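Worksheet: the structure to be examined is printed underneath.
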Amino acid sequence: AGKSYLGVMDFIKYIQYPKFRGVITRRTTPQLKGPGGILDNALGLYQLIDPKVRWKDKDGYFQFTSGARIYLRHFETLSAKDNFQGSEVNLFLVDEGQQFEEAMVRYLMSRMRNPKCPEVIPHMKITCNPDYDSFLRKWLEWYLDPETGIPLPERDGVMRWFVVQDGKLMWGASKDECFDLYGKQDLPKDHPRQVKPMSFKFVSANVYDNPVLVANNPDYVGWLEGLERVEKERLLYGSWYARAESAGY
């Protein structure tokens, strides 16, 4: 569906703000800087918008003429979280999020702050492919068909809310429901020690949502349609429940 390209493009909405700080992360550096990877796509796209943008390879960030910066950072293991310590970020893009551990993503969420750029509310976007064993499957259960694990169209983009308690995400249909279910009933909602519900949306897409790719590279669509059952259900239809089963008669 072109999800990584869309993620890279999303930053363009904010590069006019001099103090805007964005971070694009993947598990390894080759995934960021390899041929046809994030760096190649981002540089080509950002030069269309800001011809004077510069890629600072030594420090690993794009410098825009406004002063805005977008960093590329790998995050291979949880022990590397110290590399993000002290970061103040308006927007994270976690690309191929199913490859990350939940603790890694939640740590990045704690870096979502930047008082120097109040124009952009700190937030995170995660791109992903279906993976039954990924923590994201549990995050997305409400959005999936209970039988097939394929996203339900009528729930696409519906906002939900969650709070983190004892390292677990606790869900609610609204912000008020989170206060009712998980909040401290003896404290007002704006109290510093009250729970802080956060919003969440899931938007599904597959290759058929990318007409440019379908037209320009029909062989790729044919390759997806010719996959074995499990991989076809995952990569073509978006099933989060598809996985290999043990052999039998």
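The values are calculated or read from the model by the stated rules, or taken from the named source; none is laboratory data. Because the structure is a prediction, the values reported are computed rather than measured. Note: ideal-geometry Cβ built from the backbone for every residue, glycine included; neighbour counts use all protein chains shown. When the accessible area is computed, the model is the full protein with side chains, heavy atoms only, and any ligands, DNA or RNA have been set aside. Shrake-Rupley method; radii C 1.70, N 1.55, O 1.52, S 1.80 Å.
So which of LYS168, LYS232 is of a type in the set (Lys, Arg) and either surrounded by 17 or more Cβ atoms within 10 Å (Cβ to Cβ) or closer than 23 Å to GLU102 by Cβ (or both)?
LYS168
Scanning for something farther than 22 Å from GLU231 by Cβ, touching a Cys at 6+ places or on another chain (Cβ under 6 Å) and modelled with pLDDT of 95 or more, does the stretch 147-157 turn up at least one residue?
No, the stretch 147-157 contains no residue that is farther than 22 Å from GLU231 by Cβ, touching a Cys at 6+ places or on another chain (Cβ under 6 Å) and modelled with pLDDT of 95 or more.
Which residue is farthest from SER79 (Cα to Cα), if the candidates are limited to the stretch 1-41 and must be open to solvent by 70 Å² or more (accessible area, probe 1.4 Å) and among the charged types (D, E, K, R)?
By that ranking, first place goes to LYS13.
Looking for something more than 21 Å from GLN85 (Cβ to Cβ) and surrounded by 14 or more Cβ atoms within 10 Å (Cβ to Cβ) - is there at least one such residue anywhere in the stretch 105-119? Reasoning before the result, please.
So the first thing to find is which residues in the stretch 105-119 are more than 21 Å from GLN85 (Cβ to Cβ), and the list is 118-119.
Imposing the further condition that a residue be surrounded by 14 or more Cβ atoms within 10 Å (Cβ to Cβ) reduces the set to none.
No, the conditions are met nowhere in the stretch 105-119.
Being more than 23 Å from VAL120 (Cα to Cα) and of a type in the set (S, T, N, Q) is the filter here, so list the residues in the stretch 1-36 that pass it.
Result: THR28, THR29, GLN31.
A quick yes/no check of all residues on (1) loosely packed, with under 14 Cβ neighbours inside 10 Å; (2) closer than 22 Å to HIS123 by Cβ:
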| site | (1), (2) |
| --- | --- |
| LEU43 | no, no |
| LYS56 | yes, no |
| HIS74 | no, yes |
| SER79 | yes, no |
| ASP95 | no, yes |
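Just checking, which of LEU144, LEU152 is without any contact (Cβ under 8 Å) to a residue 60 or more places away in the chain and among the aliphatic types (A, V, I, L, M)? Walk me through how you get there before you give the answer.
On the way: LEU144 fails: without any contact (Cβ under 8 Å) to a residue 60 or more places away in the chain.
Unique residue meeting the criteria: LEU152.
Suppose we filter the stretch 87-116 for residues that are over 18 Å from GLN16 (Cα atoms), outside any strand (DSSP E or B) and not basic (Lys, Arg); how many remain?
16
Output the residue which, of all residues in the stretch 166-194 that are closer than 20 Å to ARG137 by Cβ and not in a loop (DSSP other than H, G, I, E, B), is modelled with the lowest pLDDT.
LYS168
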